[in-house]
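*Asks:* Quick one: this structure, given as structure tokens, is what I'll be asking you about.
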Amino acid sequence: MAKVSVRPEDITLSHNVGMKEVNTFQGEISRLEFLGESLTAFVRVADEILQVKTHPAMGFKVGERVEVQIPADRCCILGRFSGGTRRSA
């Protein structure tokens with residue numbers, strides 16, 4: 001099974017739940033870690049927890065429903081493929 005990897009600073013969070021953008025998912029913030037110039041948000045999307053690096057001024061709160069956007073061009077596929085076509089970078 002292949003996995004997808006993306007850097008935390010490449011993921012975008014939005015307060016606008018219900019957007020219809022490409023590669024956008026609904027999630028809920030389960031934990032926040034303040035790191036001075038940045039904030040790491042731990043966001044539950046389905047059965048996964050994503051770490052997202054964002055700016056503290058965005059005002060996210062634990063328990064808040066958010067939109068999570070992951071740009072396809074910033075994703076890296078890891079692991080083995082089982083069938084189908086394999087694409088090299």
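*Asks:* Stokes-Einstein at 10 °C, 1.306 mPa s, Kirkwood radius from Cα pairs: D for region 9-53 in µm² s⁻¹?
*Replies:* Using the Kirkwood radius from Cα pairs, D works out to 141 µm²/s.
*Asks:* What number comes out for the charge environment of Cys75, summing +1 per Lys or Arg and -1 per Asp or Glu over other residues with Cβ under 11 Å away? Write down the numbers at each step before the final one.
*Replies:* On the way: positive: Lys3, Arg7, Arg74; negative: Asp10, Asp73.
Every neighbour counted, the sum reads +1.
*Asks:* Order of Val6, Val43, Val17, Val22 from fewest to most other C-beta atoms within 10 Å?
*Replies:* Numbers: Val6 17, Val43 26, Val17 12, Val22 8.
Fewest-to-most ranking of Val6, Val43, Val17, Val22: Val22, Val17, Val6, Val43.
*Asks:* Whole-Hz Karplus ³J(HN,Hα) for region 24-35, in order, using 6.51 cos²θ - 1.76 cosθ + 1.60 and θ = phi - 60°, x for Gly and Pro?
*Replies:* Calculated HN-Hα couplings, in order: 10, 10, 8, x, 9, 6, 9, 7, 10, 10, 7, 10 Hz.
*Asks:* Lys/Arg Cβ at +1, Asp/Glu Cβ at -1, dipole of the chain taken about the Cα centre: which of Pro56, Leu13, Cys76 is farthest positive-ward?
*Replies:* Checked the options; the winner is Cys76.
*Asks:* Pop out the ³J(HN,Hα) list for region 55-63 in order, Karplus 6.51 cos²θ - 1.76 cosθ + 1.60 with θ = phi - 60°, rounded to Hz; leave Gly and Pro as x.
*Replies:* Result, ordered by residue: 8, x, 5, 5, x, 5, 10, 4, x Hz.
*Asks:* I'd like the projected area of the chain, averaged over all directions, using the convex hull of its alpha carbons. Report it in nm² with one decimal. List each step's numbers first, then the result.
*Replies:* Working: hull surface 27.1 nm².
Value for the chain: 6.8 nm².
*Asks:* If Lys and Arg each add +1 and Asp and Glu each add -1, what is the summed charge of the other residues whose beta carbon sits under 9 Å from the beta carbon of Thr40?
*Replies:* +1
*Asks:* Residues with beta-carbon under 12 Å from that of Arg65, excluding Arg65: net charge, scoring Lys, Arg +1 and Asp, Glu -1? It would help to have the intermediate numbers written out before the result.
*Replies:* On the way: positive: Arg44, Lys61; negative: Glu28, Glu64, Glu67.
So the environment of Arg65 carries a net charge of -1.
*Asks:* For Gln51 paired with Ile77, estimate the spin-label separation in nm (one decimal), with each label point 7 Å from Cα along the Cα-to-Cβ line.
*Replies:* 2.5 nm
Quick note: the coordinates plus some simple rules give every number you see, no bench work behind them. Everything numeric here is computed off the predicted structure, so don't read it as measured data. Methodologically, a virtual Cβ is constructed for each residue, glycine included, from the backbone with ideal geometry; neighbour enumeration extends over all protein chains shown.
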